[in-house]
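A quick write-up on the structure given underneath.
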């Protein structure tokens, strides 16, 4: 049961990372299209700046969980490098629990933020008039996946499966 849960989180994290990669590819294609149109036809998509920001935001939030699972976040180990492996493991678990607290607050705030945009029918002030809640959904989704990966990390830490 626990392994199924951990495997599910791993697959979800990888899928989210692939989606983050696709958003970056979309961002590059959008910018290249804008450059091409401006250079050769002297016209603009009128949305490249706006949507490149949305795609960049989505890629960051969607990749957070996978980056954590791959130990790709920046770590400062001046103190922990001098400690035993067992002490490091305890510190990592404690840090993960604190991280869950911070992420819980961030999730709560991003859900409120996105919901407010939906309720108030907020649109971007640009030509596209994109509903802002659609562009903000990546934040709570990405944070939720990140939280699940942190929970899996804690489970692995307590069960010595790491």
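The values are calculated or read from the model by the stated rules, or taken from the named source; none is laboratory data. Note that the coordinates shown come from a computational prediction; the quantities given were computed from them, not determined experimentally. Using ideal geometry, Cβ is built from the backbone for each residue, glycine included, and neighbour counts are taken over all protein chains shown.
Some notes on this structure:
- Just one of (1) farther than 19 Å from residue 100 by Cα; (2) assigned to a helix (DSSP H, G or I); (3) modelled with pLDDT of 95 or more fails for residue 62. It is (1).
- Of the residues in region 24-32, at least one is in contact (Cβ under 8 Å) with a residue 24 or more places away in the chain, surrounded by 11 or more Cβ atoms within 10 Å (Cβ to Cβ) and within 27 Å of residue 103 (Cα to Cα).
- Applying the criterion of being part of a helix (DSSP H, G or I) and under 30 Å from residue 134 (Cα atoms) to the residues of region 65-82, the residue that is farthest from the chain's Cα centre (by Cα) is 69.
- Exactly one residue out of 58, 17, 48 is over 21 Å from the mean Cα position of the chain (by Cα) and crowded, with 16+ Cβ neighbours inside 10 Å, and it is 48.
- Where residue 114 falls short, out of the listed (1) touching a residue at least 12 places away in the same chain (Cβ under 8 Å); (2) under 21 Å from the mean Cα position of the chain (by Cα); (3) closer than 24 Å to residue 10 by Cα: (3)
- Restricting the first member to region 76-90 and to residues that are within 22 Å of residue 158 (Cβ to Cβ), and the second to residues that are part of a loop (DSSP other than H, G, I, E, B) and modelled with pLDDT under 85, the beta-carbon pairs closer than 8 Å and six or more apart or on different chains are 89/162.
- Condition broken by residue 11, with the remaining ones in (1) in contact with a helix residue (DSSP H, G or I) (Cβ under 9 Å, 6 or more places away or on another chain); (2) surrounded by fewer than 19 Cβ atoms within 10 Å (Cβ to Cβ); (3) within 20 Å of residue 138 (Cα to Cα) satisfied: (1)
- Restricting attention to region 83-124, the residues that are modelled with pLDDT under 95 and not in a helix (DSSP H, G or I) add up to 2.
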